[in-house]
1. Could you please state, rounded to a whole Å, how far the C-alpha centre of the range 101-126 is from the C-alpha centre of the range 48-65?
2. Select from 55, 29, 65 the residue whose mean-square fluctuation is largest in a Gaussian network model of the chain (Cα-Cα springs shorter than 10 Å).
3. Mean separation of Cα pairs under 8 Å and 6+ residues apart, divided by the residue count of the chain: what relative contact order is that in percent?
4. Reported to two decimal places, what Rg/Rh ratio describes the range 69-113 when computed on Cα atoms with Rh from the Kirkwood expression?
5. Just to be sure I follow the rule: in the chain, considering lysines 8 or more places apart or on different chains, how many pairs have Cα atoms under 26 Å apart?
6. Rounded to two decimals, what is Rg over Rh for the range 48-91 when you use alpha-carbon atoms and the Kirkwood radius?
7. Restricting things to alpha carbons, find the Rg to Rh ratio for the chain using the Kirkwood radius for Rh.
8. Over the chain, with a Gaussian network built from C-alpha contacts below 10 Å, which listed residue (107, 67, 41) shows the highest mean-square fluctuation?
Amino acid sequence: MNDKHFFHLRKARSRSFPSRIAVSSLGWVLALWLLAACAPRVLPPPPAPVYPSRVITQDGLAFTVHRLKLPGTRQEITVRDGAAKQWLALNLLQSVRFAGPTQAGYRQAEIYLISGDKMRGEVYVVNVVVEGSTDLGYWNMPLSKIDRLDLGRD
């Protein structure tokens, strides 16, 4: 066997001893791992504020309603603007203010979204009921009898 493999520049090297590069790389990995382990923990953000919805009827009665929803699985209202229809999920809405009487199943409304945008359109109100709970228990009302709906976050 050739002695060049064992002797480099007249220094003996063992095959079982790792090189200086490998040892220094392992040292850096270990140091970074320890640094990450000692880093301060980031606390989760505080929970979002919880407040109930407010419903004002055409008669001027105001209700504070918890867990306001539409019966069924689809939690969205149908909005028509001209010939175009779109469905808006309740969790995107901040407020709905109705104006005028019901015509052909729709009612004029101003819709305020959580993002701050405002849109006008006609909301489908026939056979749509909103429900929830008040301090007296279960509550429901047809959407056609509501004048203003301020959606809460509960």
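1. Measuring centre to centre over Cα atoms gives 18 Å.
2. 29
3. Working: 238 pairs, mean separation 37.3, N = 154.
So the answer I get is 24 percent.
4. Rounded to two decimals, Rg/Rh equals 0.95.
5. Final tally of qualifying lysine pairs is 6.
6. The Rg/Rh ratio comes out at 1.06.
7. Rg/Rh: 1.60.
8. 41
Each reported figure results from applying straightforward, stated rules to the coordinates on display, with no laboratory input. Keep in mind the model is a prediction, meaning the values are calculated, not measured.
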